[in-house]
Structure formats: structure tokens, C-alpha cells
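Trainee: Got a structure for you, written out below as C-alpha cells; questions coming shortly.
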There are 2 protein chains.
Amino acid sequence: MHRLRLWFLLTLAWVLCGTAGAEPVAGVSSPGGTLTVTVSLNDEGRPGYAIVRRGRPVIAESRLGFLLTDAPKLERNFELTDSSTRSVDETWEQPWGERRYVRNKFNELRVRLREKSALHRRLEIVFRVYDDGVGFRYEFPDQSQLKQVNIADELTEFAVVEPATAWWIPAGEWNRYEYLYNRTPLAEVGQAHTPLTMRSADGLHVAIHEAALVDYSSMWLRRVAGQRLKASLSPSADGARVRRTAPFTTPWRTLQIADSAAGLYMSDLILNLNEPNALGDVSWVRPFKYVGIWWSLHLDTESWASGPKHGATTENAKLYIDFAAENGFRGVLVEGWNKGWDGDWFADGSAFSFTEPYSDFDLAAVAAYARERGVHLVGHHETSGFIAHYEDQLEDALDLYARLGIDSVKTGYVADAGGIKTRGADGAIRYEWHDGQVMSRHHIKVVTEAAKRQIMVNPHEPIKDTGLRRTYPNWVAREGARGMEYNAWGNPPNPPEHEANLVFTRMLGGPMDFTPGVLSLVGRGGQPIQSTIAKQLALYVVIYSPIQMAADLPENYAKYPGPFQFIRDVPVDWADTRVLNGEVGDFVTIARKDHDSEDWYLGSVTDENARRPRITLDFLDPRRSYSAQVYRDGDDADWKTNAHSIVIETRPAKHGDVWELALAPGGGQAIRFVAAAPTQ
Amino acid sequence: MHRLRLWFLLTLAWVLCGTAGAEPVAGVSSPGGTLTVTVSLNDEGRPGYAIVRRGRPVIAESRLGFLLTDAPKLERNFELTDSSTRSVDETWEQPWGERRYVRNKFNELRVRLREKSALHRRLEIVFRVYDDGVGFRYEFPDQSQLKQVNIADELTEFAVVEPATAWWIPAGEWNRYEYLYNRTPLAEVGQAHTPLTMRSADGLHVAIHEAALVDYSSMWLRRVAGQRLKASLSPSADGARVRRTAPFTTPWRTLQIADSAAGLYMSDLILNLNEPNALGDVSWVRPFKYVGIWWSLHLDTESWASGPKHGATTENAKLYIDFAAENGFRGVLVEGWNKGWDGDWFADGSAFSFTEPYSDFDLAAVAAYARERGVHLVGHHETSGFIAHYEDQLEDALDLYARLGIDSVKTGYVADAGGIKTRGADGAIRYEWHDGQVMSRHHIKVVTEAAKRQIMVNPHEPIKDTGLRRTYPNWVAREGARGMEYNAWGNPPNPPEHEANLVFTRMLGGPMDFTPGVLSLVGRGGQPIQSTIAKQLALYVVIYSPIQMAADLPENYAKYPGPFQFIRDVPVDWADTRVLNGEVGDFVTIARKDHDSEDWYLGSVTDENARRPRITLDFLDPRRSYSAQVYRDGDDADWKTNAHSIVIETRPAKHGDVWELALAPGGGQAIRFVAAAPTQ
């Protein structure tokens, strides 16, 4: 970009943000000119930034900096040493994902600051400005004045300009992300996890999150006043919330900015801001579908603990393996296979063995039987959040799986007894939040140890997803929101709007192991699931994950062979993804192209309201004809009164057709578009 | 109270709070039956409490408990061991205060809880229920299972029932309390300091605060959702926010509850919940008025630092001593007397000496001159928040003052460079918040060391006031809000509503050294103060402190001898106090009876609006007649256009007279009611 035009834009942007006492010192616009970031220093030498979109202020001048536990805060008395810009436009290929090729096109601004006061400490801030969002991070250069950096808290702010409605879950309340989403004015947010998604009156959508959360504490957002949000790092029992040695960089603070909810989801900002694959050849990472001994545990008809109800028996596992083999599922999860589930495991994970099965579960025999039937066991490590205990056994536990051909593991961090348990430098137990620096390190330790053994990892009660699957492609999914188990015993269970909330909040971070497909539509003691049967199918397309469970019991699938066919057919890896329509918390329709064929799949879900969204089949290949296998809500379907009403029908489809989808209250629709050979 | 009636009230209260899944296990009502507290355990054994006032829920079931850094959280799996109640009705005498005698009348409920799970830890919760409020605290009994208590955070919640407007300042933003007050819906509070004051649509006033903050971290309030507030303890660079050894008790969490703003201020809850005087004979603690070298420093016409503008010279100090002696002020403050003010003292207090004066200030000679003239120097210790450095010199510094007859000290904790600086166990510098456990200990250390030498203490940039003046009567005042200096250089300066906010928020905690009386009504560079001259006088009655500064320059007082007479006359110790009217942030009228005579004094202040509050002189003794010396806004007075317009007149007054006060925009009124001998 010409220097002159840049400065014109900057000046314009600055005038629009109208900030007194602060002078713009640098800035950059996105490649298409949609977004402009300006960096300023105020009369105290305090750095700030602001964002303008097409002439309209989005983020007013917002503070940058740090509080330190052992040194003066890094926040003011700065002067600009220099700034530089660069442009990147590249396309990279994902080993698996929502789309095969990802374009990474941005302009970057690097600002180098130096304190004018005695310490003369240096700090760099890097902004990457895309047409659909902004990422920025701090870089602590190597310097003798600030070698060991002990961060008390981050001072980064996000001063949102337009009055907005926000969708959010509270942070700092509980050691999990498993909340119903709040929908409130942004001015009523308390302290929230990210992604926090907001929409202004005229439809501008902004989601604040972070990318590449590595060796750092998670960013919570606390509302300071009005619509001004401030980073608040997840606390540590150790005092400093982050301890690092310079040089290092913080995670990227991200703002996805779009005209529509669909636009938010289509952004690849989070992935683009992560580092490329660090694992080399990852052809051993394979998206898959799985079944397993799980829903029965949440129904309380079987138990994790040993005894007469014990679910994880050799015999029971073999039944699931047979079912998987017969229906084309690669994986079989068995929870409760190992010693430690007896007693109050919620309160104390120290009894867990990660290598010793219960006596009624012959792990080696089950694994061998699975291999024989072409199925892979999915490993399971519930830690109860006692990560020190888990790490003591981690290598042995993964070695065991590797020996048995178990190439994926679901981990668990239920930590309800007071937090994640680790050991301090003094060996004493410390309770930590599930998303502090300790856990960001722990998860990467597990993922990299697993990668050495070609094992995929799927943590439940995890740290939030910040796109690290790009760097560690064996980190295939995670939980990190209310999943299907809340429909077994949740009080309340997930409401019909839940998944339409998830797509535009939690799912902006990355894949979720939601475990859909409970076609029986009943939880523990007959509690109804707030969904139609067609919606259960649609979730396989709507809630992205490269691993997808068919969560219901085999005997329930036997009752619904028609709908079950879609679960058998739907892929878990995609060449492309299109969000056709949607509003946060109301409804969404997503089409995805199979990675390995020319077929397309579509999922549409609604909240408690019936809807008839119109879609145009412009994603289909114009050179082909398609046979659409439609799984739609019956005309009388309603999650409350007639949840199992479904129509399964086949109709022709072609590029450009306009369809109206009929979604029942609490309903959905799933479609497989089977491609014929090209006509030309 | 009869057991039967109690349980009827409890059940009623519980039904009104309508909480599913929790069972009331104990409860108690206030002596007059106005307030009822119920304690519950839910189906997870989680304790909660609720408050009902005259059949109306005020606080819905609210969580209790703790997160610990090194042990499972103390929050659930509890069972009730037993509960007990007792009643107290006593009256105690203050050595100084807003009123001489304080009635302490409450019913107490003690609840003993024990974990059903493996650890079997015990926790007691004590509620003291007054007709005008509730205090509760946790008591950690001596027990081997939980001897060293390391608190990560407190889980105490306050679920406010009625939609309310709140007055609050943000917490966690800056190492001070010096903010303009926010007035927002309670549902828009972010994170706030206490006292947080709220008013519901039908006029119920509730203020949440704490009492007896001893060896503990300050309670911030964070809004979790809706109107549910949660305690969030001020952080520590050391990890645990509180480290204590059992047995110990937490500070009292307090709710003052009244039908009016006046009722809130009239409550003695905070004082009553503090421990009695721990210092023995405190006859040496004397309320006083003072002048000093201070306003000139904020005007920047003189400097703290040495050089040609240095304010604290021997000669200058003697002029102030002469002025004090001639006008009946006991104290003379001299800031900038000691070495350390040169250079960037805001960023680093290590240069401060607390015993060595600058060469142009002969401390011994000045102190001797003061004694000769019947005046006492007021000591000054600005620490720049480097408390480790201050503590190193503390005893020497106080010994020096004691030797020189300096019997009060103003301390300062400007800590803008990143927080309070202390040293950890390893000797390394740690930056802390101004209101964490470290500072609660530091302030009591200074106060008790000073008491040994019969020295009064007045900290600026302090920890908040929680009524500890009852236990340590030499802790005479403190700052802890925006004071007069913001009218010198504040951007913006204090608005006209500021003091009407303070009375019903900050002042609920205790005395503030606001330093009123700037009759010139101009700040630095001629910036106007947003007050009439009459309002400056009214502040001596409205903003309570046993030490009051006449903050303006002597030459300015020479210009306004009429108004100055009120400042000369007004006492600083009171036999009684009555709030006659007021609304938070709008206006307030307070009458106080002199501790040492039969005279009454009245102050009334308004915000930017003119008002004509009617008052009834029912506080006057019906057996006496009075001559009222009235200092009222002139008919044409207005802080913007005619701030110096004042009428000083004398009129007769007697018990039962109804007067209408005329307050100009930004104005006020001060009255001295001089009592004649009784007529009977």
C-alpha cells in the first residue's frame, strides 16, 4: 500500500475514533481495505489501538500492557522506536478440517516500543489485519532489563463502540465451560470466556477470542464499564498468572468481524494465526466415527465403577465392537475400563490407574478382538483433574495403548473438587484453574507425547480451543461446552437453541466432540431431549469435528434404521464448508463437501421456533446432477409433542435450485447430496 | 424468640425466596423482626443463605464457601453439625465519632458445618442480624484437617432480588479508589469495590461492604449474571489471596438495608461488627483541625521536590504555624519535608528517607516553634507504595516524631508504577494490590506501632475503611476516594454530585480526610472548582472526619473572613448525628451535635441542581432557644456563574421549626445553631 494512502486512512480512522490526548503513531489496513488498525501513544506514553471498518469505528482506543508481579507495570512512558509492515498471501493445506485449503492473506504491522524511563524496557506488538478480522500479540524481546517475565495480569482492552447484544458464558465460576449461553446486552456482561460473540443493532458481528494459547494463561474478558472489556488472565495458585523467560510471544488476541453470523463462522483467522504443523508426517491422523460404552453410563443403567452395573466388561465391549464393525464405525470407546472409578473419583483422582484394567475387562483381548474386526479401541483417561498423578503415568499409559494398536485417546478433566491438581516446585499439591498456564502446558505435553506414539487426543473438560490443531494435528477435538450428556441428566437439559449458540461461539475455536445422534431422544429416567430426531442427524454436519460419536445405544439405533443410515453415511472430513444462513442462537444451515468424494452434506438446525429458511444450492457442482437424500422433520414434528416424526425422501437436486427447508420447533434437517458423474 | 415463631418465619422466608433443591436448616430474625436470615444446604450439601425483609425477599439463596490453592474447595458435601442463637443488646461509648453512644442490638445465628466426605473439615458461619442490616463471617476452627488455610478465592455471593440502580467504582483497574462514581443498573456493574450502594424501584436501599478487614484480602464484588454478585478477593502476587493459620475468622460481609438513603448512613452496623478498642487508654487521640503546605503543591505553585519552588521550607512552615495559632487550628501539615521527592518518586519510593529533612527544612526547629505557639506539626510519610522500604524505617521514623511531639502522621501510598512494592519470603520485590492481605497487615502494623508512641494515623491511597477505628482509635481517618486535590488538577475535576455520592458510598465505611474548605474555588491554572463557597463550608459537616483540614492557602482565607469563621467554629467531634434527608448522588442534609457543647451544626449539599429541601428542627433541644448562624448560597449563586455568592445571616431557631433550605446549583448550606441556656 502506498505510504500516502495509508496515512490518509490512518488519520481518517483516528478522527473517527475521536480519542483525545492520544496520537496515532502507526497503522495498517487489511488487504482489501476493509479494516484499519491504528496504534497510538497518549500523553503519558501509554500505547493503545483502535479498529475501524469501512469508515466506521468498531473498537475505540483501547489500552495495551501488563501488570507484573515483581517489576513496575509495563504500560506507559513508552516511545515508538520504529514500526514496520509486511504483506502475506499464501494458501496452505489442512491434513483434515472444515476445508482442505485455507487462504492466509493479511497485512502486518509491527510496532517496537521502548520505555523512556529508567528501565528502558522494550515491548513489541504485532497486528495482523485481515479483511475478516484482526489478530495481535505482544512479543517480549530478549533483554537484560526484563528476562524473567512474571505477569500479574494483562491490561489489554477491547472498547466496543456500537451498542451490541452478546452471547457468552461466565468465566471464573467453575472449572469448566459447561454453561448455557447468556444472551444479554454487552453492557451486562460480567466476566466471560472467549469466544465472546456480539452483534450490533445494524448487524455487525464481532467475536473476541484468542489463537495459539501456548505456555500462557487463558484470556477471560471482564467488562470494566459500558462496553469496555478487559483481558483478565486465568489465575494461578502460584501468584504470577504467567511465568516466562524472554524472548517469547503471547497468544494472539483475535477479533473476527463480519456483516453476518455466517461470515463469523467462515473466518479462518484463528487457524491462520496458529503455527504450521509441527509434527511432520501426520498421515496417521485419521478422522473417524465411533460408538462406545458411554451413553449408558450417563443414563445410569451401567456404571463406570466396578460391580454388577459395570459397563466396561469384556463381553459388553465385544458387543460394541461387533456393532461398530457391522455399521462402519472405526472406533469403540470404553469408559470405566481402568481401576480408580470406585469411591468419590470426582473429588480425588489419585486412585486412577491408567494401565491397569478392572478384572472383568481383558484389555489386551478386547483390543485384539477389535483389530480382528477392523475396529480400533478409543482409549480413555479420566484424570479427575489430578494432572500430576496423570503425568506420572502418562508415558506408560500411552506406551500401553501404542502396543495394543489403540491410536486415539479421550482424556477427561472433571475437576469439581476444587480445581486442577498439580504439584508446585516444593512438591505440595496446588489447585489450579482448568485454563491457566499450567494447563496450557499440560495439554501440549499430552498431545506431543501422544504424537510420538501416533495417538490422537480428544480432551474433555479441556482448555479452550484456540486453533492448535493446526500445529498439532493429532489434537483432533475436544469438549469445552455443554455436550450431549447434559441431555441425560442436565437440570435443565440443553435447550433447543443450544446448538445454534454453539456454532457461533464455541465452534469459532475449533472442533467439538459433542457426541450427537441420540435417536431415542430420552435421557436418564425418561427425561426428554429437546430435539427432533432429524435435528440429531443435522448435528453431524452443523457441529464440526473430525471425530464424531454415534452416542446412542445399539438397541436404539436398531429401532431407527432409516435415520441411522445418515449417521452411517456422513463423513467426518471435508473439502469445503459453506454457512448458508444463520443467526446466533436462532438457527443455522451449513453445507459441507466430503473430502473424499463429490458428495455434499447439509445440516440445518433451529431453536424452539419452526423456521423455513430458503437456501440456494449454488454450492453444488454445475456440471453434475445430484440425488438428494433428505431427512426432514415430519409436517407434524415438534420436539415437545412429536419428536420422532421424520420424513426420509429422495429428490433430485442441481446447482442453483432454490429450496425451502421446513424445520419444526426444536427441529432440523440433514441432507446427503449424492453426486452423479459429470454430465459434460 | 419462640422456637415456633422462628420456624414459621423461616419457612415463610424460604417460600418467598423460592429456591428449588435447597432446604433451610437454620435461621434467625432481627430483634424487631424486620430482617430474617435463613441458611440452607442444597442436595449437594452446598451451604447458602437468604435474606427477607418484612416478608419481602432481598437476597435470594446465595452461595457460601471457598476455593483453596492447596486443598479441595470448601463448598459442598456439608452437613449441619448444629446451630445456636444468642441475643445481644448493649450500648458502648466511642472515644470520638459521629455519635458518642452506639447501640449494638442483634440476634446471632451460629451454624456449624462439617464435610460428609473424606476430609471431614469443619466450617462455621456466624450471622448477626440487626433491624438495619446483616453481617456474617466465616470462622475456621482449629482442626488438623485444615490448619494452614490458603485461600484462592472466596465463593460468597449476594443474589440481589429486586431490580436496582447501583452506585459504584470499579475494582481491579488501578491501585486506588479514586474514581468518579458510576450510577448504572445493578445488572451493568462489572467489578466493584465496596461499599457498593443500590436502590430498588420502590426505594429499598442496600449497601454491601465488609467490616473488620484484618489480616485478609479485600472483598471486591464481581457481577456474575443478572443481579448476582460474587466476592472476588483482591489478588496477591504470592498465589493464595489469603494465607492464614486456623483458628481464624474472616472479615464480616455486611449488608446495610434501609428504606431510605438516610437510613443507610444512620446504620452503625460496620462499627458494631468491629472489635472493641484494643489500645486501652486513648485519651491522647484528639480530633483536630489542621492547615498546611499542601494545596500549593497541588496547584503547582510550590513543589514537594527540592529547589526554588520547594514548599517545605522552615520559613514557610513557620508562616503556616503562625496562621494556625492565630486561627485555632491544632495541626500544621508539611508535605515534602523529607529527602526523596526529587526524581520520579511516583515510580520508585526507594529514595525516601523518613527521618532526614531537606536541608532547607529544620525539622527540630519547626517542631519547637510549633510547640511554642501551641500548635502540633502533622507528620508526613509518602511511601510511593514501597512498603518494605517504609517498614525498614518505620520505628525510627515514628520515634523521631514522638521525640519532637508530632502526634499524628499522614501516610501516602501513591503506587502508580505497578502496585504496592513489598518483599517476598525470598527477599525479591513483589508488586501487590493496595488492598490485599499484605496491605491489611501493613496498615495495622503502622497503626499499632504509631499507637505505642501515641501517634494518630491518617493514610492516603489507603486500604478501604471497614470500621477498624473502633479497635484502633488512633486510626483517625483516611482517604480512599477522590478528594479535594482532584479539583486542583483532575481531568475532569470532581462534579457537583461527587459529595452526595460519597456520603452514601465511601462514607459508609468511616471517616474520610477529604480536605475541604478551598474558598478560592479555583484549582491549578484557574480551573474552577464545581462548588459554591457555601458548599465548601457544608462539607465540614457532611463529610465526616475527626481530623479536618482547612485546605486553602492562608492568603485565600484572608479574602473570605466571613465564610472562614464557620471553618474556625466547626467542631470535629460529635455527640450525635442525624441525616435529615438525602438521595444517593443527588443531595444530603446532615445535622450533628457538638461533642463538647449544646450547639448543633448542619450541612446540606446538592448536585448540579438547585434544591429547596424542607427540614424540621426536631433535633434541637426543646428546652433551649438557639441562634442560628446561617451560611447560605446567595439568591444568585451558581457554581458555574456566581460561585462566591453567599449570604451570612443570623436567625432564631427552636425545636420543631420547619425551614426550607435554598441550595444553588452545585451549592450547599452550613448552619451553626448556638444554644442558649435552658429556659426552664
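Coordinate-derived values only; no laboratory data. Fair warning: this is a prediction, and the values are worked out from it, not measured in the lab. Note: ideal-geometry Cβ built from the backbone for every residue, glycine included; neighbour counts use all protein chains shown.
Trainee: Which far-off residues, 5 or more places away or on another chain, put their amide H under 5 Å from the one on A:K464, with H placed in the peptide plane?
Mentor: none
Trainee: If you look at just the Cα atoms of the protein assembly as shown, how large are its Rg and its Dmax in Å?
Mentor: 34.2, 119
Trainee: Let me ask something additional. Of the peptides B:33-40, A:331-338, how do they stack up when ordered by the mean number of other Cβ atoms within 10 Å, highest first?
Mentor: Final packing ranking: A:331-338, B:33-40.
Trainee: Report, as an integer, the average count of C-beta atoms from other chains found within 10 Å of each Cβ along A:170-176.
Mentor: Taking the mean over all residues of the peptide, I get 3.
Trainee: Here is a further query. Search the structure for amide H atoms under 5 Å from the amide H of B:V378, placed 1.01 Å from N in the peptide plane, and list their residues when 5 or more places away or on another chain.
Mentor: B:V332, B:L333, B:V334
Trainee: Moving on to the next point. Ordered shortest first, which distances in nm separate the 7 Å Cα→C-beta label point of B:E275 from those of the other copies?
Mentor: With the label placed 7 Å along Cα→Cβ, B:E275 yields 5.4 nm.
Trainee: Another question, if that's okay. Can you pull the mean other chain C-beta count within 10 Å for peptide A:412-424? Please list the in-between numbers first.
Mentor: On the way: counts 0, 0, 0, 1, 5, 8, 11, 6, 0, 3, 0, 0, 3.
If you average over the peptide's residues, the count of other-chain Cβ atoms is 3.
Trainee: Moving on. Between the stretch B:228-281 and the stretch B:424-444, how far is it from one alpha carbon centroid to the other, in angstrom?
Mentor: If we compute the Cα centre of each part, the gap is 19 Å.
Trainee: Taking the Cα centre of chain A as the origin and placing charges on Cβ (Lys, Arg +1; Asp, Glu -1), which of A:S303, A:S604, A:A364 is farthest toward the positive end of the dipole?
Mentor: A:S604
Trainee: If you take the Cα atoms of the stretch A:545-680, find Rg, then find the Kirkwood Rh from the mean of 1/r over all pairs, what is Rg/Rh?
Mentor: 0.96
Trainee: Hey, another quick one. Hey, for B:Y101 with labels 7 Å out along Cα-Cβ, what do the inter-copy distances come to in nm, ordered shortest first?
Mentor: Here B:Y101 shows inter-copy label distances of 9.1 nm.
Trainee: Residue by residue through the stretch A:418-428, what is 3J(HN,Hα) from phi via Karplus (6.51 cos²θ - 1.76 cosθ + 1.60, θ = phi - 60°)? Round to whole Hz and write x for glycine and proline.
Mentor: Listing the rounded values in order: x, x, 5, 9, 9, 10, x, 4, 8, x, 6 Hz.
Trainee: In addition: Under the definition of Cα pairs under 8 Å and six or more residues apart, what whole-number percent is the relative contact order of chain A?
Mentor: 10
Trainee: Using the alpha carbon gyration tensor of the stretch A:397-540, what are the three equivalent-ellipsoid semi-axes (square root of 5 times each eigenvalue), largest first, in whole Å?
Mentor: Taking √(5λ) for each eigenvalue gives 30, 19, 15 Å, largest first.
Trainee: HN-Hα J couplings of the stretch B:263-274 from phi, Karplus 6.51/-1.76/1.60, θ = phi - 60°, integer Hz, Gly and Pro as x?
Mentor: With the stated coefficients, the stretch B:263-274 comes to x, 4, 5, 6, 5, 9, 3, 4, 4, 4, 7, 8 Hz.
Trainee: Quote the Stokes-Einstein diffusion coefficient, in whole µm² s⁻¹, for chain B, based on the Kirkwood radius over alpha carbon pairs, a temperature of 25 °C and a viscosity of 0.890 mPa s.
Mentor: 95
Trainee: What gaps in nm, shortest first, separate B:P141 from its twins in the other copies when you place the label 7 Å past Cα toward the beta carbon?
Mentor: The answer, with the shortest distance listed first, is 6.1 nm.
Trainee: Roughly how many debye, to the nearest 20, is the charge dipole of the stretch A:188-318 about its Cα centre, given +1 on each Lys and Arg Cβ, -1 on each Asp and Glu Cβ, and no other charges?
Mentor: Numbers: 13 positive and 12 negative charges, 75 e Å.
About 360 debye.
Trainee: Can you pull the mean other chain C-beta count within 10 Å for peptide A:67-76?
Mentor: The mean count of partner-chain Cβ atoms within 10 Å per residue comes to 6.
Trainee: Under the Karplus relation 6.51 cos²θ - 1.76 cosθ + 1.60, θ = phi - 60°, what is the ordered set of whole-Hz ³J(HN,Hα) values for the stretch B:84-92, x standing for Gly and Pro?
Mentor: 8, 10, 8, 10, 10, 9, 9, 10, 10
Trainee: How far, in whole Å, is the closest Cβ of chain A from the axis that maps A onto B, and which residue does it belong to?
Mentor: A:G239, 2
Trainee: Turning to a different aspect of this structure: Placing unit charges on C-beta atoms (Lys and Arg positive, Asp and Glu negative, everything else neutral), compute the dipole magnitude of chain A about its Cα centre in debye, rounded to 20.
Mentor: In total the dipole reaches around 1860 debye.
Trainee: Still on this model: Add -39500 (n - 2.57) for each DSSP H run of 4 or more in the protein assembly as shown, then divide by its residues: what number comes out at 222 nm, to the nearest 500 deg cm²/dmol?
Mentor: Values: 26 runs with 246 residues, N = 1360.
Result for the protein assembly as shown: -5000 deg cm²/dmol, rounded to the nearest 500.
Trainee: For the stretch B:199-276, what is the charge dipole size about the Cα centre, in debye to the nearest 20, if Lys and Arg each add +1 at the Cβ and Asp and Glu each add -1 at the Cβ?
Mentor: Here the size comes out at about 480 debye.
Trainee: Mind pulling the per residue volume of the convex hull built on the Cα atoms of the stretch B:316-459? Å³ is fine.
Mentor: Dividing the Cα hull volume of the stretch B:316-459 by its residue count gives 107 Å³.
Trainee: Also, I was wondering about something else. For the stretch B:218-353, max minus min Cα coordinate along each principal axis, in Å, sorted largest first?
Mentor: Taking max minus min along each principal axis of the Cα atoms, the stretch B:218-353 gives 56, 38, 36 Å.
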